[in-house]
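See below for the structure under consideration.
The values are calculated or read from the model by the stated rules, or taken from the named source; none is laboratory data. Worth saying up front: this structure is predicted, and the values here are computed from it rather than measured. Counting neighbours? That spans all protein chains shown, and the Cβs are built from the backbone with ideal geometry, glycine included. The protein model used for the area step is the full one, side chains on, heavy atoms only, and it has no ligands, DNA or RNA in it. Shrake-Rupley method; radii C 1.70, N 1.55, O 1.52, S 1.80 Å.
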Amino acid sequence: MDFPKDLPERLKQLDHAGRLAPAGLVFLGLMDLELPLIPPSLANMATGYQQRLGKCQIATVGRDAPDYLTKANDSWFELSRAGGLFDDSGEFLLTVPLDEQRRDLWWARVRLADTWDLMGAGSAAELGLGFGEPEFTALSVTGDVVAFCASHESAIITTLAAGFADLADLRQHAEWVASQRRMSRQEKEAARRWLDATGG
């Protein structure tokens with residue numbers, strides 16, 4: 001999908017602030033589409049590639065644990081804090097859709113409110129497939145730390161990866177994305193910008 005000329009107005013109509021509010025996330029704005037940040041789809045893959053190499057950090061909370069959603073929130077926060085996801089102001093980036101069909105995704109700058117619940121209320125809204133079924137990707141403002149949270153049958157798992165820009169398999173896939181005619185212009189151009197900015 002090529003971006004329509006009225007994209008800025010359509011982005012306003014998506015009401016990212018309202019969609020993220022149930023999770024206790026304060027929407028600070030959409031990141032410039034021209035920034036050389038890793039595209040969200042590639043960010044998800046970065047955690048997978050690093051996991052194969054044994055280089056990522058993982059936090060797992062079983063669904064049979066007492067108060068498992070609170071524990072999942074806590075484990076996501078502690079892993080993200082220790083792994084460098086948050087900047088000095090507690091801000092980070094989160095994947096949001098650029099259209100109602102979610103054909104293109106990009107990064108919004110956010111911070112946690114005083115009270116927040118990503119795994120429960122957040123997953124029932126913008127951050128998952130339903131209450132207690134999280135699936136979302138976060139990125140550090142500097143673009144070099146990614147945390148992917150996903151629900152599984154028996155557990156909620158957060159995987160954090162850092163220093164992934166030089167992963168050969170990830171870069172090869174990014175090159176493929178940048179060259180595919182069937183990919184959206186946003187996806188292709190974002191992949192190319194990230195590759196060029198990180199030495200590709």
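Some notes on this structure:
- Condition met for THR159 (open to solvent by 50 Å² or more (accessible area, probe 1.4 Å), under 20 Å from ALA72 (Cβ atoms) and modelled with pLDDT of 95 or more): no
- Residue match in region 129-140 (condition: of a type in the set (Phe, Trp, Tyr), touching a strand residue (DSSP E or B) at 6+ places or on another chain (Cβ under 7 Å) and within 20 Å of TYR49 (Cα to Cα)): yes
- Candidates in region 167-200 are the residues that are in contact with a Gly (Cβ under 8 Å, 6 or more places away or on another chain), under 30 Å from ALA82 (Cβ atoms) and of a type outside the set (Phe, Trp, Tyr); of these, the one that is surrounded by the most Cβ atoms within 10 Å (Cβ to Cβ) is ALA174.
- Residues within region 145-190 that are free of Cβ contacts under 8 Å to residues at least 12 places away in the same chain and touching a strand residue (DSSP E or B) at 6+ places or on another chain (Cβ under 6 Å), tallied: 0
- So GLU126, is it in contact with a helix residue (DSSP H, G or I) (Cβ under 9 Å, 6 or more places away or on another chain) and open to solvent by 40 Å² or more (accessible area, probe 1.4 Å): no
- Residue among PHE131, PHE136, PHE164 that is buried (at least 16 other Cβ atoms within 10 Å of the Cβ) and in contact with a helix residue (DSSP H, G or I) (Cβ under 6 Å, 6 or more places away or on another chain): PHE164
- In the condition set (1) more than 12 Å from LEU25 (Cβ to Cβ); (2) at pLDDT below 95, GLU126 is compliant with all but (1).
- For region 53-122, the strands (runs of 3 or more DSSP E) that sit wholly inside it and include 3 or more residues that are touching a residue at least 24 places away in the same chain (Cβ under 8 Å) and buried (at least 19 other Cβ atoms within 10 Å of the Cβ) are 91-97, 105-112.
- Taken over region 123-139, the criterion of being among the charged types (D, E, K, R) and part of a strand (DSSP E or B) is satisfied by GLU135 alone.
- Qualifying residue in region 15-30 (condition: modelled with pLDDT under 95, open to solvent by 40 Å² or more (accessible area, probe 1.4 Å) and either assigned to a loop (DSSP other than H, G, I, E, B) or touching a helix residue (DSSP H, G or I) at 6+ places or on another chain (Cβ under 8 Å) (or both)): yes
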